[in-house]
Ligand code: ATP
Ligand code: ZN
């Protein structure tokens, strides 16, 4: 156990100790300007420059810790929230840890629709999600709870179908499974204890939330500089949506201007192509470190 004791004054955040969410969670915290040490044996870290303690736990325990108030905040997959349905407040979708809970069957199976699953045995680590899904679809199946390696259970003859998480589909393919249908999509979520939002901690939670939002906003935009003839400014403004007042400065070359603006990542390429076609030149694109909203 670490020598330093957890302090009640600090905000507490639980994150996954080691797994699929860990790396990107640590990156988000660091990008939000939090300084702390983290290495595998550590149970918790104290931030040097923010009254925050980070607890490293199993992902399955995070929502329970937040619900009970053992920690104020947690970062956990939506899948765990859907499965456990804890009484916690969702604060922010974090845009990583993307995956889907799906129903899958062996490739050569003659099961072709979920209706064929009536009376079949289905193994999963997400029994509540699976039960809800089959009930909603009027299917009565036998749900068997398995804690790990669900994908091998059809080959072992334990189940005829599985309900499991997948992101790229490669584990499914590797185990000769075929996805029948999706149940829900998931991503990492920042959740809070209900009380943390009403007592003296709210101010700190809000501060942290603003920082996280700043990191996320920066990720979804690019900073773009370009040169263009003055007379096409109106057209360029039409191309970049939401851009009412870009920074415009005159160039030495008469009749030419330099324009600086931000463009949303998801429409970045199509926008840049349109700008080029309209007559913009020397387009320079820069990543944005943070956007404070
Ligand atoms: P722990 O030891 O913390 O219990 P775990 O093995 O249960 O870890 P991981 O496999 O590391 O959990 O997954 C953690 C979370 O990552 C999942 O709950 C889910 O939100 C997300 N995730 C993203 N992609 C996938 C995927 N392909 N399979 C499973 N989970 C995924
Ligand atoms: Zn787990």
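The values are calculated or read from the model by the stated rules, or taken from the named source; none is laboratory data. Here the structure is a predicted model, which is why all the values come from computation and not from measurement. Glycine also receives a Cβ, built like all others from the backbone with ideal geometry; neighbour counts cover every protein chain displayed.
A single entry from 82, 93 fulfils the requirement of being more than 24 Å from residue 291 (Cα to Cα) and in contact with a strand residue (DSSP E or B) (Cβ under 8 Å, 6 or more places away or on another chain): 82. For the stretch 159-171, filtering for residues that are near ligand 1 (Cβ under 8 Å from one of its atoms) and either modelled with pLDDT under 95 or in a loop (DSSP other than H, G, I, E, B) (or both) leaves 3. For the criterion of being away from ligand 1 (no atom under 15 Å from the Cβ), closer than 22 Å to residue 11 by Cβ, touching a residue at least 24 places away in the same chain (Cβ under 8 Å) and out of contact with any helix residue (DSSP H, G or I) (no Cβ under 9 Å at 6 or more places or on another chain), residue 44 passes. Once the stretch 1-20 is narrowed to residues that are more than 16 Å from ligand 2 (Cβ to nearest atom) and at pLDDT 90 or above, the residue that is farthest from residue 57 (Cα to Cα) is 10. Evaluating residue 107 against the criteria (1) within 25 Å of residue 134 (Cβ to Cβ); (2) touching a helix residue (DSSP H, G or I) at 6+ places or on another chain (Cβ under 8 Å) leaves one unmet condition, (2). The set of residues from the stretch 282-293 being loosely packed, with under 13 Cβ neighbours inside 10 Å and more than 29 Å from residue 211 (Cα to Cα) comprises just one member, 282.
Here is a yes/no grid of residues against (1) surrounded by 14 or more Cβ atoms within 10 Å (Cβ to Cβ); (2) part of a strand (DSSP E or B); (3) on the phi > 0 side of the Ramachandran plot; (4) in contact with a strand residue (DSSP E or B) (Cβ under 6 Å, 6 or more places away or on another chain):
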| position | (1), (2), (3), (4) |
| --- | --- |
| 103 | yes, yes, no, yes |
| 110 | no, no, no, no |
| 115 | no, no, no, no |
| 123 | yes, yes, no, yes |
| 139 | yes, no, no, no |
| 143 | yes, yes, no, yes |
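For residue 66, are the conditions met, namely being surrounded by 21 or more Cβ atoms within 10 Å (Cβ to Cβ) and in the same structural domain as residue 167 (by TED's automatic domain parsing)? So residue 66 does not fit the description; no.
Residue count for the stretch 27-40 under the criterion of being assigned to a helix (DSSP H, G or I) and surrounded by 18 or more Cβ atoms within 10 Å (Cβ to Cβ): the result is 2. Scanning the stretch 126-137 for residues that are out of contact with any strand residue (DSSP E or B) (no Cβ under 7 Å at 6 or more places or on another chain) and under 20 Å from residue 81 (Cα atoms) yields 128, 132, 134, 135, 136.
Table: residues versus (1) in contact (Cβ under 8 Å) with a residue 40 or more places away in the chain; (2) more than 12 Å from ligand 1 (Cβ to nearest atom).
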site: 113; (1), (2): yes, yes
site: 116; (1), (2): no, yes
site: 122; (1), (2): yes, yes
site: 149; (1), (2): no, no
site: 154; (1), (2): yes, yes
site: 173; (1), (2): no, yes
site: 176; (1), (2): yes, yes
site: 184; (1), (2): yes, no
site: 188; (1), (2): yes, no
